[in-house]
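I have placed the structure first, in the form of structure tokens, so that the comments after it can refer back to it.
The values are calculated or read from the model by the stated rules, or taken from the named source; none is laboratory data. Worth saying up front: this structure is predicted, and the values here are computed from it rather than measured. Backbone-built Cβ (ideal geometry, glycine too); neighbour counts: all protein chains shown.
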Amino acid sequence: MPKDYIPFNKTGYFSPIVCDYLDEKLGLRPYYNRYPKLQNFEKQLQTKRSCFSNWSRTILGQSLEKQYRNIKTSKETLKNIDYLYYDTTFTVTTGHQLNLFTGPLYFLYKIVSTINLSKALKAKYPRYNFVPIYWMATEDHDFDEINHFNFKGKKIQWNKKTSGAVGKIATEGLEAVFNLFSKELGSNLNAETLKSLFKNAYLKHDNLADATRFLVNELFKPYGLVIIDGDEQVLKKHFIPFIADDILNQTAHKCITKTNEGLSRQYGIQANPREINFFYLTDSVRERIVFEDGKYKVLNTNIVWEEGEIGKEILEFPERFSPNVITRPLYQEVVLPNLCYIGGGGELAYWFQLKDNFEKAEEPFPMLMLRNSVLIQSENQSEKLRKLNISNEDIFLKRASFINKKVREISNIEIDFSSQKEALKKQFDGLYQLAAQTDKSFLGAVKAQEAKQLKGLDALEKRLLKAQKRKLSEEVSRMIALQNELFPNEGLQERNTNFSELYLEYGDALIPKLIENLDPFQSEFLILKL
């Protein structure tokens, strides 16, 4: 199956901190533990094994058995849940929001990267077992981020008034979304499969967490993926000391603020810690906890504790304390025998802020791996790119730069006035020599005239380019249409397109093809021709 690669730093879509991490720049070295090379996992494995107790494994296993009680899943997944009871088993984890019908394509790529890393580790270290984990972000509360997906340029959206954590949101109202989506899909065999998948996930489950678990399980159950919901009383109970430490001592705020001072000298900061990094969570409420006037308060509610009371609340009801983006990674690592977290560029950027806080909490900091990124091209699109002589580097350019570059290449007129500009500068060199022998005011006049004429050449070059665009409008239109197909809304395909568009064409072969072609250790952007 044809595939090409382009370095992340040549795509124009990835931040300096991510590109520097992939290049293993020394400036980032203090902010992570071990770089995710296959040979480095052995030490990570031994570190995690030494501090993850059998009691922790029992809590995790029993919680997962409860969560899977009413789910029909594969033997591979059930076997992986059973393996987690043993100290020779470790996890590789990714996490994501509960996007409607998986949201953008990269949702799939994160999970495929996790599955494939687990397989690679098993091949390298056969005496151990490695379980791919999808951590559902059920406690998030930003419904507007997850209530839609894009299909063939249209936004399929679930309009609903909500409050509290998204995992608890009732699925009422999704029948209208299903009816709209069904009309857009058509009626071929793959379309019918997609309709059945949506219907069984969202119209036969009461809340978004259960619907998402069903959907992801159906897509990935042949690969032993284990799905976990952290909104679980027994798991939160295991996290009580860390909840109390953050709320009572503000440890994370102190550690991460200090880390950010160093990190911000080179890079932008992805997430800022609060004094208290937990929300208070009930069926309909997820609001920040703050300390004001000597009391702990839940914003936008009447819930208040004296200093001595909140500790009791944490002990008796740990499930009511929901970590934010700063403390969720620690929660995840406390309850899982995890070796590596796989995430996107933005996720890795905030993980780099957390290492010192993990050390303060005496928890091993996981290895961090950038998920696979993919641009999928059909055979037809690939052939069009070839005929138009558009390279991988070309297609990733922003629209204006892309068109300007290609028009210059295909034009029968040279649209580059660099030689004229150099000749003009040489002409002015003589005038500068003359100006040096007379009044300074003449030197200023020479400089002004040179700038004026160079600016005039720039303007003429732009007008010539614009004229050639009009003359080559047919070729330009074809190139723009092709780039629009591959980069919808002038953004990465993986951040816009829903998997259903590709499933219509490739059907059940789609995910196996991704499993076959995505290599988590290939630190370049994959261009996959299906």
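Details
- The listed residues are ALA467, ALA459, and the only one of them that is loosely packed, with under 13 Cβ neighbours inside 10 Å and either modelled with pLDDT under 95 or not aromatic (Phe, Trp, Tyr) (or both) turns out to be ALA459.
- Considering (1) crowded, with 17+ Cβ neighbours inside 10 Å; (2) farther than 17 Å from ASN116 by Cβ; (3) among the charged types (D, E, K, R), the lone condition that GLU490 does not fulfil carries the number (1).
- When segment 280-301 is filtered for residues that are of a type in the set (Val, Ile, Thr) and in a strand (DSSP E or B), the ones remaining, listed by number, are ILE289, VAL290, VAL298.
- Output for segment 207-218, where each listed residue is farther than 16 Å from ASN147 by Cα and surrounded by fewer than 19 Cβ atoms within 10 Å (Cβ to Cβ): GLU218
- Given (1) crowded, with 20+ Cβ neighbours inside 10 Å; (2) closer than 22 Å to ARG386 by Cβ; (3) not charged (D, E, K, R), index of the condition ILE480 fails: (1)
- Residue match in segment 307-326 (condition: in contact (Cβ under 8 Å) with a residue 12 or more places away in the chain, in contact with a strand residue (DSSP E or B) (Cβ under 7 Å, 6 or more places away or on another chain), under 30 Å from LYS43 (Cα atoms) and crowded, with 18+ Cβ neighbours inside 10 Å): yes
- Flag if LEU45 is over 13 Å from VAL226 (Cα atoms) and either touching a His at 6+ places or on another chain (Cβ under 8 Å) or in the same structural domain as GLU145 (by TED's automatic domain parsing) (or both): yes
- Any hit, segment 114-122, residues being surrounded by fewer than 24 Cβ atoms within 10 Å (Cβ to Cβ), in the same structural domain as PRO366 (by TED's automatic domain parsing) and free of Cβ contacts under 8 Å to residues at least 24 places away in the same chain: yes
- Once segment 239-295 is narrowed to residues that are surrounded by 14 or more Cβ atoms within 10 Å (Cβ to Cβ) and among the acidic types (Asp, Glu), the residue that is farthest from the chain's Cα centre (by Cα) is ASP245.
- Applying the condition of being part of a helix (DSSP H, G or I) and either touching a His at 6+ places or on another chain (Cβ under 7 Å) or among the polar types (S, T, N, Q) (or both) to segment 488-507 and asking which residue is farthest from TYR13 (Cα to Cα) yields SER500.
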